[in-house]
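See below for the structure under consideration.
The values are calculated or read from the model by the stated rules, or taken from the named source; none is laboratory data. Remember, it's a predicted structure, so these values are computed and weren't measured experimentally. Using ideal geometry, Cβ is built from the backbone for each residue, glycine included, and neighbour counts are taken over all protein chains shown.
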């Protein structure tokens, strides 16, 4: 590995492509020298995507035995996959095979690479991470593998951070219930769409679905154990975005005014008076990066209510489709590269944070 700051992204799917584009577009402001990306399969249908990433300055890496196939389709590789890994300062895996790649490939480079990042589906890859939630748990020189938690985990963690930890502290939480209303698939995908809403199973006796369990694991990195949290999930026949209903109960009273003030003080959060998922999604399409805003959560103000004499907070919040995961992926990469001032550098992305949607 050279002294150059090189970020290598594996995969060009719903997270990989916008992440490569974001890193490339803001490369100089972030302090990154070069962005490379690995694509496994040469496809004519993906050629326009690859050309778009080329135009932003990203460089392609492919498996050695596929190099000729990519060249035949006029997608000129700059590196082989192995060469790109050897050159990389940070590797961000955006595939559903992060844990497999770690065992087969990444461990061979652990002494020469500053760090590796995988996405939310890859539980066990490394320390769970969400920007602004558990940055204090990151340990320079010790943490080499990070798992950026899922977009819904970001949202639920932001609810607890905002309405519990920032007001009365973590000890004020009595219980929290979440219903994740999930989109069926991304607008870029044809497979896995469903014709009608579909209920999810409660496979975890303690937490319900993996969403609450993942929030617990995230906060456990800080020595917190929000045990009395429970989540359910429903998949909706929409491609727009996720929506979370929450019911947070406290042992101390609060007010709606206090909640609004706390939300406004956190630049990772946005509010909206829109109650339509399509309208919130449309705002991201018109004003975001690759259609995505980078806020962790968008609180729907008309639904925010305080009950039981201030002890119960109920409402809904929209989950920006992959946007919060993109932000944490960039933040994690910058932490590996610049552990002392990564938070200052990430302010280069502020144009994609919104106070109101």
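Considering only residues that are part of a loop (DSSP other than H, G, I, E, B) and touching a strand residue (DSSP E or B) at 6+ places or on another chain (Cβ under 7 Å), look in region 144-177 and name the one that is farthest from residue 259 (Cα to Cα).
The qualifying residue farthest from residue 259 (Cα to Cα) is 144.
Of all the residues that make up region 220-252, how many are touching a residue at least 60 places away in the same chain (Cβ under 8 Å) and either in contact with a strand residue (DSSP E or B) (Cβ under 7 Å, 6 or more places away or on another chain) or surrounded by 21 or more Cβ atoms within 10 Å (Cβ to Cβ) (or both)?
16
What number of residues within region 287-335 satisfy the criterion of being at pLDDT 95 or above, part of a strand (DSSP E or B) and surrounded by fewer than 24 Cβ atoms within 10 Å (Cβ to Cβ)?
The qualifying residues number 8.
Identify, from the list 182, 177, 217, the residue that is in contact (Cβ under 8 Å) with a residue 12 or more places away in the chain, within 23 Å of the chain's Cα centre (by Cα), buried (at least 20 other Cβ atoms within 10 Å of the Cβ) and at negative phi. Give the steps one after another, and end with the answer.
Values: 177 fails: buried (at least 20 other Cβ atoms within 10 Å of the Cβ); 217 fails: buried (at least 20 other Cβ atoms within 10 Å of the Cβ).
The match here is 182.
For region 285-294, give me the residue count where each residue is over 8 Å from residue 352 (Cβ atoms) and in contact with a helix residue (DSSP H, G or I) (Cβ under 7 Å, 6 or more places away or on another chain).
2
Looking only at strands (runs of 3 or more DSSP E) that fall completely inside region 1-67, which ones have 1 or more residues that are in the same structural domain as residue 121 (by TED's automatic domain parsing), under 22 Å from residue 328 (Cα atoms) and in contact (Cβ under 8 Å) with a residue 60 or more places away in the chain?
Here the list reads 6-10.
Would you confirm, using the coordinates I've provided, whether residue 97 is closer than 29 Å to residue 129 by Cα, in contact with a strand residue (DSSP E or B) (Cβ under 6 Å, 6 or more places away or on another chain) and surrounded by 14 or more Cβ atoms within 10 Å (Cβ to Cβ)?
no
Quick check, is residue 4 touching a strand residue (DSSP E or B) at 6+ places or on another chain (Cβ under 8 Å) and surrounded by fewer than 19 Cβ atoms within 10 Å (Cβ to Cβ)?
Here the answer is yes, as residue 4 does meet what is asked.
Looking at residue 72 and the list (1) surrounded by 15 or more Cβ atoms within 10 Å (Cβ to Cβ); (2) at pLDDT 95 or above, which single condition is not satisfied?
Residue 72 satisfies all of (1) surrounded by 15 or more Cβ atoms within 10 Å (Cβ to Cβ); (2) at pLDDT 95 or above except (1).
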